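Notes to accompany the following structure.
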Amino acid sequence: MKKHLVLILMLLSVELFAQYNSATIKLGYFNPSATDGGFIIGFNGERFMDESFNIGWSVDWFNKNYVDESLVKEFTNFYGIPNSSINELRAKTNLHDLPLMLNISSSLPLAPRVRAYFTAGAGLEVLLIFYRNFQNPNENEFKSAFDFSWRLGGGILFEVGRRSDILFELSYHSSSPSWTYQVDDPQNGFRRTFERRFDMSGIMTRLGFRFFY
């Protein structure tokens, strides 16, 4: 009898332990200060300490093709030619944002099958930037930039089944990677250093699907 009881407890512990890991796919809208808003996709891996607290990691991807208007103004001031279309071509940017973060989350029950949760994270902001060569605007250049990032958010979890949840999340993300480069004016030989700063701080609204394994 005792052997049977021990075996049952072992099987139950294995079953419960298997549910202490989860993966979440999140889709939504991100509106950073540096660009117009757009689609963002993310993945979270989580390890549950108990039913109300977990730790984990996440990676997101946000892509935007845009004209950096602040850079257009700098180029215009540099050359002294207002409304120059060549400066808009020089400021065309294809930006890929990849925040890599460690996260903690805590939740509390609101109703049967419904929980509220709060989350915080910190990590590394990775920007992959394709921009136009200053002297030859039809040619692309590549640069990467890095910065510390942090995030605070919260949302609602709806239990779909024993091993799956649907969630709605609202969060604030903060980071501001930058890099500098020098430009030579071929007309007078004057050299100027430009700083490209990308303020990736903004609001995220996302829907997600989480499953336990």
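The values are calculated or read from the model by the stated rules, or taken from the named source; none is laboratory data. Bear in mind the structure is a predicted one, so any value in this text is a computation, not a measurement. Don't worry about glycine lacking a Cβ; one is built from the backbone with ideal geometry, like all the others, and counts go over all protein chains shown.
Odds and ends about this structure:
- Tally of residues being over 12 Å from ILE40 (Cβ atoms), in contact (Cβ under 8 Å) with a residue 12 or more places away in the chain and small (Gly, Ala, Ser) across the range 189-213: 1
- Matching residues in the range 131-153 - criterion: being modelled with pLDDT of 90 or more and surrounded by 16 or more Cβ atoms within 10 Å (Cβ to Cβ): ALA145, ASP147, SER149, TRP150, ARG151, GLY153
- Any hit, the range 38-57, residues being under 24 Å from PRO177 (Cβ atoms) and either part of a loop (DSSP other than H, G, I, E, B) or at pLDDT below 90 (or both): no
- Matching strands (runs of 3 or more DSSP E) fully within the range 146-212 where at least 3 residues are polar (S, T, N, Q): 164-174, 178-184
Conditions (1) in contact with a Lys or Arg (Cβ under 9 Å, 6 or more places away or on another chain); (2) at pLDDT below 90; (3) over 30 Å from ARG191 (Cβ atoms), marked per residue:
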position: ILE25; (1), (2), (3): yes, no, yes
position: GLU69; (1), (2), (3): no, yes, no
position: ASN83; (1), (2), (3): no, yes, no
position: ALA91; (1), (2), (3): yes, yes, no
position: GLY123; (1), (2), (3): yes, no, yes
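- Residue list for the range 95-124, restricted to those being within 17 Å of ALA23 (Cβ to Cβ) and hydrophobic (A, V, I, L, M, F, W, C): LEU100, MET101, LEU102, ILE104
- Contacts under 6 angstrom Cβ, first residue in the range 86-115 being in a strand (DSSP E or B), partner of a type in the set (S, T, N, Q) and surrounded by 14 or more Cβ atoms within 10 Å (Cβ to Cβ), 6 or more apart: HIS96/ASN63; PRO99/SER149; MET101/SER58; ASN103/SER58; ASN103/THR119; SER105/ASN54; SER105/THR119; ARG115/SER107
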